[in-house]
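Undergrad: Please read through the structure below; I'll follow up with questions.
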Amino acid sequence: MAQSFVPQQPGRPPSTPPGTPPAVDARRLPSASESTRLLCAGTYLDDGFRDAVIDQLYVHEERFAAPSLGFDASRVLAHALRARRIELAWAAGILALWIIAIPLTKGLITLLIVPFLVLGLARWVRGRSAAAPLYRTVPAFVLRWYGRIMFVQSALLLLFLAFGDDEAGWEFLGDVSETGEFLGFALSLAAEEMWGISPLEVWITIAVPLLVAWAVATQQGQFARALTQELSKERFPDLRSDPAEQAEGARSRRLRDRIRVEQHARLVMYGSDDPFCGAGAPYEPWSLSIELRPRKNLDGKAPEPLDNSAIMRHVVPLVEALRVPSPHGSPQIQAAVRDRLRELEIDEVVFLPVDGLPARTAAPYTPEGFELHRSGAIEEGGETRRHFLRVRVGGWGEEIVATVFVRVHTQGGMLMLEVAPHVLRPVKRLYREADRIAHRYRHNHHFGKAVWALGRTPRSAGQAVATLWRALGHGWRLLTGGHANALPEGPWLSVREYGSDDEASLFQEMDVSRYLKSIQDRVANGVTVALREAGYETAEFEQKIIHVAEGGTFIENTKGNVTLGNHNTVTNKTFTTSTTGGDRG
């Protein structure tokens, strides 16, 4: 068996089995990270994100959980289910109010339902895009204003009837109907159902939208309390006090226990379409190969055998040294360094395809199972089972995660080096604004809350129907999809990737660049040292990756050879290219 070249990691007791997360301060665990907190907040703010979390992690139980780098997917699922329960309860209540109001008001409520439907149609035509095309905005604008005019006229009619001026009310209705427009036609149809109505029924009609507005405001207040209390920065690290972790059924507990086993394991069960699912976006992956040539000054001695483990044993100490601050004026100043490289994590991981497994529970996550695959994969250079050194740095409360996967292989007198950097960028802006949104709502005055709720009353029935329909779809797929006994699949979606922005701030991008460059430079240095100590030439390797001239770097990738820096010279067996004064050649 090939011995592991990754030593005991800081914070992990010697008796802890491989794959167990380090024993660190509870506030620095993935379940308490800022990215986890904001993703949990996102389940209350974004119904699309909430549905995606539930569908991937709860409905499709045959799918493995993607690796969770710097966050806890099981806790996000707990809050997604809690947010859906709250939303379903309010949706059912709001829809029941509208339905019950129809017989109670003898159909008078249709005076409000019709304009509300028009306003809802306008919102659907407009769509959710921030910059909708003209063919959507123009009809949406017309429908929106038409619905508003209908609502004003309906409200005036109800007020006339409510205060006993029946003659003025019916005269107003007749004037509107004589216009011959759709508005008058709709009101006329409603009028046919309104003969013989009592003042009580009129007041019920007026009260229904006010009750719906109260329900909308109360639901928003409940969400706001969740964001400012259990999801606050002060309380969130305390997992035991989180109500979402306590109020779950047997199915949820079972699936979340599976997620906790899978998401931080060093054995990565993957689907062939997206093997690095969960690691983020690729960040200029590259690879190179060189001929293993003995050095000329070995005095006739043969170079030492050089296998993959031997190379990695030189790489790991150099990468680990990035944790150590540079010498400072005093130990106190050195200890005060807060560079995130101090928390750099190094692990060996094995990527294993899910094909062939009889069930999700059959994955070999035991320490013995992982060691068996690790020792077999490191030297075999296989196509589907692959061994990587995984180096990870999490910054900005794990909102920025830089991960470098390194793989080396020697075959036929050649050395192949593969480096696959990946980056997880910050969570979506809406989720990052969760604290401000909740604080602004809870500290707004009553009039502001009332206006906000009344403005959302017209769309409440449509949203309630959509919410119940989506929940019905989830339930139907659970009952009929056969996911519980289906053959296992790799992850189709990463909760962290789905909830991430495409861009980061300039500061964050600068940090990502620094993390990746530091790690890749140390990897290259480690390979160089391994080649030199084993008795092989290093000139070709150094020419390609380490140093060309004045800080330039050569990278051989699928897009061609690139050099960075001034006055660079690149040479290989077939051509020579010189660049002077340029930044790229």
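Undergrad: Quick one: if you take sqrt(5λ) for each eigenvalue of the C-alpha gyration tensor of segment 437-531, what semi-axes come out, biggest first, whole angstrom?
TA: Over the Cα atoms of segment 437-531, the semi-axes work out to 46, 30, 8 Å.
Undergrad: Using a 7 Å offset from the Cα along the Cα-to-Cβ direction at both LEU372 and TRP469, what is the distance between the two label points in nm, to one decimal?
TA: About 5.0 nm, to one decimal.
Undergrad: OK, next. Based only on other Cβ atoms within 10 Å, what is the fewest-to-most ordering of THR403, THR366? Display every interim value, and only then the final one.
TA: Details: THR403 27, THR366 13.
Final ranking by Cβ density, sparse to dense: THR366, THR403.
Undergrad: Here is a further query. For the pair ILE99 and MET416, what calculated FRET efficiency results from E = 1/(1 + (r/R0)^6), where r is the Cβ-Cβ distance and R0 = 51 Å, to the nearest 0.05?
TA: 0.15
Undergrad: In whole Hz and in residue order, list the ³J(HN,Hα) couplings for segment 344-352 that follow from phi through the Karplus curve 6.51 cos²θ - 1.76 cosθ + 1.60, θ = phi - 60°; x for Gly and Pro.
TA: For segment 344-352, the Karplus-derived couplings read 4, 10, 10, 8, 8, 10, 10, 8, 10 Hz, x marking Gly and Pro.
Undergrad: What is the list of residues in segment 254-272 whose amide nitrogen lies under 13 Å from a point 7 angstrom out from the Cα of ASP355, following Cα to Cβ?
TA: It comes to 270-272, nothing else.
Undergrad: Kindly state, to the nearest 0.05, the FRET efficiency for LYS296 paired with THR384, given R0 = 41 Å and r defined as their beta-carbon distance. Walk me through the numbers on the way to the answer.
TA: Details: r = 40 Å, r/R0 = 0.97.
Result of the calculation: an efficiency of 0.55.
Undergrad: List the GluC sites (Glu not before Pro) within segment 485-551 that fall in a DSSP loop (any state other than H, G, I, E or B) and whose Cβ has at most 12 other Cβ atoms within 10 Å.
TA: Loop-located and lightly packed - GLU503, GLU550.
Undergrad: If you don't mind, another one. Starting from the exponent 0.38 and prefactor 2.2 Å, build the expected Rg for segment 231-290 from its residue count and divide its actual Cα Rg by it.
TA: The value comes to 1.72.
Undergrad: Something else: Ranking LYS517, LYS544 by Cβ neighbours within 10 Å, fewest first, what do you get?
TA: On the way: LYS517 12, LYS544 20.
Ranked by crowding around the Cβ, least crowded first: LYS517, LYS544.
Undergrad: On to the next question. Evaluate E = 1/(1 + (r/R0)^6) for ARG253 and ASP307, where r is the Cβ-Cβ distance and R0 equals 56 Å; express this FRET efficiency to the nearest 0.05.
TA: Values: r = 44 Å, r/R0 = 0.79.
The formula returns an efficiency of 0.80 here.
Undergrad: Another question, if that's okay. What trypsin sites (Lys or Arg not before Pro) does segment 52-144 have in DSSP loop regions with at most 15 other beta carbons within 10 Å?
TA: Those satisfying the criteria are ARG128.
Undergrad: Here's a follow-up. Can you pull out the trypsin sites (Lys or Arg not before Pro) in segment 333-409 that DSSP calls coil and that have at most 12 other Cβ atoms within 10 Å? Could the numbers behind the result be given before it?
TA: Values: sites: ARG338, ARG340, ARG342, ARG360, ARG374, ARG385, ARG386, ARG390, ARG392, ARG407; in loops: ARG338, ARG385.
Those satisfying the criteria are ARG338.
Undergrad: Quote to one decimal, in nm, the extra length available between VAL324 and ASP274 on full extension: 0.36 nm per residue of separation minus the C-alpha distance between them.
TA: Computed gain between VAL324 and ASP274 is 14.5 nm.
Undergrad: How far apart, in nanometres, would the label points at GLU533 and LEU430 be if each is projected 7 angstrom from Cα along the Cα-to-Cβ direction?
TA: If labels sit at GLU533 and LEU430, their model points lie 5.3 nm apart.
Undergrad: Any idea how far apart VAL138 and LEU211 come out in nm if each label point goes 7 Å out from Cα toward Cβ?
TA: The answer from the label model is 4.3 nm.
Since every read-out is calculated from the coordinates, none of them should be taken as a lab result. Quantities reported herein were computed from a predicted structural model and do not represent experimental measurements. Positions of Cβ are generated from backbone atoms using ideal geometry, with glycine treated the same way; all protein chains shown enter the neighbour counts.
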